[in-house]
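Computed from the coordinates by the stated procedures, all read-outs in this text should not be read as laboratory data. All figures in this text were calculated on a predicted structure; none of them were measured in a lab. With ideal geometry, Cβ positions are generated from the backbone for all residues, glycine too; neighbour counts draw on all protein chains shown.
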Amino acid sequence: MAALEPKIQIAGVLQESVVDGPGLRAVVFFQGCAHHCRGCHNPETWDPKGGTPLSVSEVWDLLRYNPLISGVTLSGGEPLDQPQGALALAKKVRAVGGNVMIYTGYTWEEINASQVGEISELLALTTLLVDGPFMLARKNEKLLFRGSENQRLIDVQASLGKKTPVLWKKSGGWMDGLAITGD
Ligand code: SF4
């Protein structure tokens, strides 16, 4: 018997965004977040019982993915609290040649300490990750793709297996030619 497709409790999607990572991206906002950061922009995503449960295929259909899109950003809410759905979605993105970016309230060190197999698989498919909770006291609106100074823009493939992550440099590889401002 075929395995059931994972479901994702989602808060919503954006078919096109230029502010949730490099390039033109689709965004999936996962529902449920236990970090409860003060000053969070999406507190309506906190309740794990809110939002809508959809199969990964249904989420994918909502995105109407097209060739102009460079990848999908998994945001929230907390994507890593739904690792099976996040992994299945990342596989779909990679299957069409897109890249995966993740926003998580967990730090790189916490993620590395996790023994969840799906998260290891997910990281192997992920290009870029913004880690850590939003900290209102360290808010900085000039940061590239993140809201507070504790959050890091991490080159996931260069960082795998390392406790100290390698920070992403915007001049590299898949981002060449895109106009980006910020540090
Ligand atoms: S991790 Fe993100 S979604 Fe969750 S409370 Fe913090 S800022 Fe909000």
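Can you list the aspartates and glutamates whose alpha carbon sits under 19 Å from that of K142, skipping same-chain ones fewer than 8 residues off?
Answer for K142, where 19 Å is the Cα cut-off: D20, D131, D183, listed by chain and number.
Give me the percent relative contact order of the range 123-174, please, defined on Cα pairs under 8 angstrom at least 6 residues apart.
34 percent
Assign one of three labels to the range 38-183, namely rounded, prolate or oblate, based on the Cα gyration tensor with a ≥ b ≥ c the square roots of its eigenvalues; rounded applies when a/c is under 1.5, prolate when it is not and a/b is larger than b/c, and oblate otherwise.
Verdict is rounded for the range 38-183.
Determine the dipole magnitude for the range 47-96: charges of +1 sit on the beta-carbon of Lys and Arg, -1 on that of Asp and Glu, nothing else is charged, the reference point is the Cα centre, and the result goes in debye to the nearest 20.
240 debye
Tell me, what HN-Hα J-couplings in whole Hz come from the Karplus equation 6.51 cos²θ - 1.76 cosθ + 1.60 at θ = phi - 60° for each residue of the range 147-162, using x for Gly and Pro?
x, 9, 5, 6, 6, 10, 9, 9, 7, 5, 5, 6, 9, 4, x, 10
Please arrange T127, T73, T52 by counting, for each residue, the other beta carbons lying within 10 Å of its beta carbon, fewest first.
T52, T127, T73
Which of W108, V72, S159 sits closest to the plus end of the dipole of the chain, meaning its Cα is farthest towards the positive end, when Lys and Arg get +1 and Asp and Glu get -1 on the C-beta?
Farthest along the dipole direction, towards plus: S159.
Just to check I understand the Karplus step: with θ = phi - 60° and J = 6.51 cos²θ - 1.76 cosθ + 1.60, what whole-Hz values come out for the range 103-112, glycine and proline as x?
Values per residue, Gly and Pro as x: 9, 9, x, 7, 7, 4, 5, 5, 5, 5 Hz.
Just name one of V13, N140, V27: the one whose Cα is farthest towards the positive end of the charge dipole of the chain (beta-carbon charges, Lys/Arg +1, Asp/Glu -1).
Sorting the options by dipole projection puts first N140.
So how do L4, L153 line up by other beta-carbon neighbours within 10 Å, fewest first?
L4, L153
Check the straight Cα-Cα distances from K92 and name the lysines below 30 Å, setting aside those fewer than 8 residues away within the same chain.
Within the straight-line limit of under 30 Å, K92 reaches these lysines: K7, K49, K162, K163, K169, K170.
Using the crude model of +1 on Lys and Arg Cβ and -1 on Asp and Glu Cβ, and no other charge, please compute the dipole size for the range 1-140 relative to its Cα centre, in debye to 20.
240 debye
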